[in-house]
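Before any comments, here is the structure.
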């Protein structure tokens with residue numbers, strides 16, 4: 001049996017996937033009934049979820065553009081990348097410099113299947129199926145070794161994914177492991193779902209924990225701040241992500257505070 005066929009057969013369409021739920025929230029079509037039903041129920045708990053997903057995607061676009069155009073970064077590892085959509089990391093980075101190299105990392109088999117189709121003619125970009133918690137496995141992967149040169153600065157992205165990691169797996173330790181692999185002058189991009197409202201944190205966490213196996217916890221901002229320990233946070237600091245270097249005063253803003261995507265960018269010393 002071919003590897004591609006095994007990937008297709010591994011797709012569980014009856015259990016919601018965070019990657020496919022995010023795809024639906026962004027208006028994509030690479031999702032199934034279970035994903036759509038889960039999103040509708042989540043919207044009942046937290047009505048701002050769809051707007052939040054779109055704001056987060058805009059943050060990703062701005063961050064990559066800034067790192068490529070202003071900081072000269074030409075290598076990106078996108079952990080928990082999700083399904084290909086518009087304005088992917090490689091499209092933005094390669095619009096600045098065609099030689100930019102990007103590795104997408106995701107565990108969902110449909111991400112691997114779709115990503116390989118989208119990227120089959122782009123030799124400077126790859127998608128690998130791996131658990132983002134397994135740093136050694138990722139950095140030893142042949143595609144990472146082919147594309148990422150660890151004597152040059154790298155941007156490691158953890159955009160809206162660390163809430164998928166439970167406390168027992170210690171997301172802060174994951175960030176430290178990845179930062180330790182990167183050369184000085186690299187960048188870490190981190191944001192995750194947070195709320196100051198304990199009731200919202202508990203309600204969403206409980207719902208998602210019973211909906212998909214890919215879930216950790218909605219956290220408080222101070223917990224996310226700890227992810228950046230030992231790194232130099234760049235302006236404008238850690239913020240609700242619609243406030244991170246907005247393109248204009250007319251750019252979409254987070255309108256509610258039930259929960260937020262919160263984080264920023266830091267330089268690795």
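Segment 18-63 to segment 125-175: how many Å between their Cα centroids? Answer, in whole Å: 22.
Relative contact order, whole percent, for segment 132-269 stands at 29, derived from Cα pairs under 8 Å and 6 or more residues apart.
Calculated mean residue ellipticity at 222 nm for the chain: -11500 deg cm²/dmol, from DSSP H runs with n ≥ 4 weighted as -39500 (n - 2.57), summed, divided by the residue count and rounded to 500. Relative contact order of the chain, taken over Cα pairs closer than 8 Å and 6 or more residues apart, is 19 percent.
Packing order of peptides 111-120, 54-63, highest average first: 54-63, 111-120 (average count of other Cβ atoms within 10 Å over each peptide's residues).
Between residue 61 and residue 122, the contour length at 0.36 nm per residue exceeds the alpha carbon distance by 20.0 nm.
Working from label points 7 Å from Cα in the Cα-to-Cβ sense, the residue 184 to residue 85 distance is 3.8 nm.
What the Cβ-Cβ distance of residue 149 and residue 269 gives, at R0 = 25 Å and to the nearest 0.05, is a FRET efficiency of 0.80.
Computing FRET efficiency as 1/(1 + (r/R0)^6) for residue 36 and residue 209, where r is the C-beta to C-beta distance and R0 is 22 Å, gives about 0.70.
Mean sequence separation of contacting Cα pairs (under 8 Å, at least six apart), scaled by the length of segment 106-172, corresponds to a relative contact order of 24 percent.
Taking each residue as 0.36 nm, the span from residue 248 to residue 43 lengthens on full extension beyond its C-alpha to C-alpha distance by 71.0 nm. So, R0 is 25 Å and r is the distance between the beta-carbons of residue 202 and residue 12; what FRET efficiency does that work out to, to 0.05? After rounding to 0.05, the efficiency reads 0.40. For the pair residue 97 and residue 235, the difference between a 0.36 nm per residue extended length and the Cα-Cα distance amounts to 47.3 nm.
Since every read-out is calculated from the coordinates, none of them should be taken as a lab result. Please read all numbers here as calculations on a predicted model, not as lab measurements. Positions of Cβ are generated from backbone atoms using ideal geometry, with glycine treated the same way; all protein chains shown enter the neighbour counts.
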